[in-house]
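Written out below as structure tokens is the structure these notes cover.
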Amino acid sequence: MRLSNAFLKTMKEVPKEAQVVSHQLMFRAGMIQKLASGIYNYLPMALRSLRKIEAIIREELEKKGCQEVLMPIVQPAELWRESGRWDYYGAELLRFKDRKDSDFCLGPTHEEVITDMVRKNLKSYKQLPWNLYQIQSKFRDEIRPRFGLMRGREFIMKDAYSFDESVEKSMENYQLMYEAYTDIFNRCGLKFKAVDAATGAIGGDKSHEFQVLAESGEDGILSCSHCDYAANEEKAAVKERQFKTDSSIFTPLEEVHTPNQKSIEEVTAFLGKKPEELIKSLVYMIDEEAVLILVPGNKEVNEAKIQAFFNANVVHLADDKTVEEITGAKTGFAGPVGLKKQIKIAADRGIQEFPNMICGANKTDYHLTGVNFERDYKVEEMGDFIHALPGEPCPVCDEGKLEEHRGIEVGQVFYLGTKYSESMSCNFLDRNGKQVPAVMGCYGIGVGRTLAAAIEQNHDEAGIVWPMAIAPYEVLVMPLQLKDEDVVNVGNTLYKWFMDLGIDVAIDDRNERAGFKFNDADLIGYPLQIIIGSKTLAEGMVEVKIRATGEKLKIKVAEIQDWVVNFKKEALK
RNA sequence: CGGGAUGUGGCCCAGUGGCUAGGGCACCUGGUUUGGGACCAGGGGAUCGGAGGUUCGAAUCCUCUCAUCCCGACCA
């Protein structure tokens, strides 16, 4: 590509709406342009990098036996009604009608379509395993798109879906994809961590996220300082402990007047107690069922854990009216003792730590003191319902503590089980001639987000520092003095040589001053700059600048091809 | 959806009731320059987000609306 004719405009200043470095640099380097909030045009430089990431993905997935398909973005509502998600996917699913008034949506993900596609073709276990993938645009009407390609509404995603005859076989597929993802992100030159993850609206019960470590990451990750445990903050487990109960120190249950003292802070201040001596009691709607959730007063409820524990589709706090109906008191005075309407009670294990706790009395303006587990109330479910925090002991080993990192989620693998195959009757005949649902997994990679994450991780003050594998161009040939015929000729010759060698090469043949070209080259981040100047050329040499290190070398013109080919080979190892 | 903020050439910004709306970057022409974002001269490009209102007069004041960004809630 000749820069003199490139569809490319670089910029010194950034629009103020670009807040993170990857967005700023992609904008300045002329890679993307915003069309609407969270919706971007990909210009040639960006597309070249995206295509390289896609090529790596295709290679690694084909190695694992995956097969590429392409499904439509526009999807009929009836499939979503069949899976049940039409009703609870929420506003993120962009819905619309066609001219015949039929409901459609833009695909935010493709479990429904793929399951439908597969069930029309799947008859026998002999056909399995299948792992089908596509690379395609998704649309999710995010409440708050942000950070350029990091969280767009329309974005390019690789999604894959596996179909197996058994849970064991599905786990094998899961493992293959885990390996493929590791290879893919390594090849893209990223530093990342695979962490335990929650499954959210996709469903299923086993999942790992691939998190690129970066300060600007939206996700919190907790990892052990000692062992290799790592999990998304919302999934990270709290270590199980043994609690001893000494009923001899139990004090009697007492009602105390706490007028207008609703929050944990208010009640602890009013009674002169510590937050951990309170039981935080919250009424949650878990799908259609109201459940009282108890956690220690100094901890935060973790809705993701509740959703997973109850295998629920939707979890949210009950509204004030429901709370009043159940407790018989205004909100802020709920507790496990003496509920007006008996509902299921589920408690975090941590509430057993202290005796003589305080909780709402289910009576407006009153709390109870001397509340003791088992003696005064029982719970149906006991589990881990709170957020783990940095500094807490590792849930797996006995040595380590949890440390916090920020991460950008570039990929996620899920074990789905039969959630979709059952609701959508994606069945086959097994070895015993019995009709059974396929066991599924699904696997996503945010392609654009991977690009953004690569920039977040690889840049300096001057601009992008591309890993060789995903650089839009590997080499930029820079003839500096366009009035010097030798310089121009050598520039054109090298440009042709590199193209013939299969190197991705561009030539800066613009009539600009040297400084301008250098700054532009550093901004765009070509891994290698081949600088051709009159003086060095007179010695039969050209200069090579290695973007990653800033190193400059003089190399004989006759040796430059071998040198570059070799450098590229080393960089891609 | 709650809180905060912003909309003035492609980008960054100035202009808070009064002449034809300014500057920098970018763009075009000519000249000088030419190894780390050059300089001089000339030039093109804006219905000041939109609609309505107040006023002799509105980018500026008022009302509504649209869009965008940040924090939160939410979300692969």
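For this structure, a couple of remarks:
- Filtered by the rule that a residue be part of a loop (DSSP other than H, G, I, E, B) and hydroxyl-bearing (Ser, Thr, Tyr), segment A:241-283 gives A:THR245, A:THR251, A:THR258, A:SER263.
- In the set A:MET71, A:MET26, only one residue is part of a loop (DSSP other than H, G, I, E, B), more than 12 Å from RNA strand B (Cβ to nearest atom) and surrounded by 13 or more Cβ atoms within 10 Å (Cβ to Cβ); that residue is A:MET71.
- Residue match in segment A:299-307 (condition: acidic (Asp, Glu), part of a helix (DSSP H, G or I) and closer than 24 Å to A:LYS206 by Cα): yes
- Residue satisfying all of: in segment A:548-562; within 10 Å of RNA strand B (Cβ to nearest atom) and surrounded by fewer than 12 Cβ atoms within 10 Å (Cβ to Cβ); nearest to A:GLU13 (Cα to Cα) among these: A:GLY550
- Cβ pairs under 6 Å, 6+ apart, first in segment A:531-547 and within 6 Å of RNA strand B (Cβ to nearest atom), second of a type in the set (A, V, I, L, M, F, W, C): A:ILE531/A:MET478; A:GLY533/A:LEU480; A:GLU543/A:ILE531
- Of the set (1) more than 19 Å from A:ILE546 (Cα to Cα); (2) among the charged types (D, E, K, R); (3) surrounded by 16 or more Cβ atoms within 10 Å (Cβ to Cβ); (4) more than 12 Å from RNA strand B (Cβ to nearest atom), all apply to A:ASP484 but (4).
- Odd one out for A:VAL565, checked against (1) part of a helix (DSSP H, G or I); (2) free of Cβ contacts under 8 Å to residues at least 12 places away in the same chain; (3) surrounded by 12 or more Cβ atoms within 10 Å (Cβ to Cβ): (2)
- A:VAL295 of a type in the set (Val, Ile, Thr), within 16 Å of RNA strand B (Cβ to nearest atom) and either touching a helix residue (DSSP H, G or I) at 6+ places or on another chain (Cβ under 6 Å) or over 18 Å from A:THR331 (Cβ atoms) (or both): no
- Complete set of residues in segment A:265-319 that are under 22 Å from A:ILE358 (Cβ atoms) and free of Cβ contacts under 8 Å to residues at least 12 places away in the same chain: A:GLU265, A:GLU266, A:ALA269, A:GLY272
- The listed residue being within 16 Å of RNA strand B (Cβ to nearest atom), part of a helix (DSSP H, G or I) and over 18 Å from A:ILE455 (Cα atoms), out of A:ILE114, A:ILE53: A:ILE114
- Of all the listed residues (A:SER37, A:SER4), the sole one being surrounded by fewer than 18 Cβ atoms within 10 Å (Cβ to Cβ), within 13 Å of RNA strand B (Cβ to nearest atom) and under 23 Å from A:PRO145 (Cβ atoms) is A:SER37.
- Long-range neighbours under 9 Å by Cβ, at least six apart or interchain, first residue free of Cβ contacts under 8 Å to residues at least 40 places away in the same chain within segment A:331-348, second part of a loop (DSSP other than H, G, I, E, B): A:GLY338/A:GLY328; A:GLY338/A:ALA361; A:GLY338/A:ASN362; A:GLY338/A:LYS363; A:LYS340/A:GLY328; A:LYS340/A:ALA329; A:LYS340/A:ASN362; A:LYS341/A:GLY328
- Test: residue in segment A:488-511 that is over 33 Å from the mean Cα position of the chain (by Cα), within 8 Å of RNA strand B (Cβ to nearest atom), part of a helix (DSSP H, G or I) and buried (at least 19 other Cβ atoms within 10 Å of the Cβ): no
- Per the conditions (1) assigned to a loop (DSSP other than H, G, I, E, B); (2) more than 9 Å from RNA strand B (Cβ to nearest atom); (3) farther than 18 Å from A:TRP563 by Cβ, the sole criterion not satisfied by A:TYR526 is (3).
- In segment A:441-481, residue farthest from RNA strand B (Cβ to nearest atom) [restricted to those that are touching a strand residue (DSSP E or B) at 6+ places or on another chain (Cβ under 9 Å), in a strand (DSSP E or B) and under 27 Å from A:ILE555 (Cα atoms)]: A:VAL475
- Of residues in segment A:405-440 being charged (D, E, K, R) and part of a helix (DSSP H, G or I), the one nearest to RNA strand B (Cβ to nearest atom): A:LYS419
- Residue count for segment A:117-145, restricted to those that are of a type in the set (A, V, I, L, M, F, W, C) and within 16 Å of RNA strand B (Cβ to nearest atom): 3
- Boolean, A:LEU451 is in contact (Cβ under 8 Å) with a residue 40 or more places away in the chain, outside the structural domain of A:SER534 (by TED's automatic domain parsing) and over 30 Å from A:GLU82 (Cα atoms): yes
- Some residue of segment A:377-399 being among the basic types (Lys, Arg), assigned to a strand (DSSP E or B) and more than 30 Å from A:THR182 (Cβ to Cβ): no
- Looking across segment A:160-173, the residues that are surrounded by fewer than 23 Cβ atoms within 10 Å (Cβ to Cβ) and either out of contact with any Asp or Glu (no Cβ under 9 Å at 6 or more places or on another chain) or polar (S, T, N, Q) (or both) come down to A:SER166, A:VAL167, A:GLU168, A:LYS169.
- A:ALA160 within 20 Å of A:ASN173 (Cα to Cα), touching a Phe, Trp or Tyr at 6+ places or on another chain (Cβ under 7 Å) and either assigned by TED's automatic domain parsing to the domain that holds A:TYR174 or in contact (Cβ under 8 Å) with a residue 40 or more places away in the chain (or both): yes
- Residues in segment A:74-96 that are exposed (fewer than 14 other Cβ atoms within 10 Å of the Cβ) and under 16 Å from A:PHE139 (Cβ atoms): A:VAL74, A:GLY90, A:ALA91, A:GLU92, A:PHE96.
The values are calculated or read from the model by the stated rules, or taken from the named source; none is laboratory data. In this text the structure is predicted, and so the values were computed from the model without any measurement. Cβ: placed from backbone, ideal geometry, glycine included. Neighbour counts: every protein chain shown.
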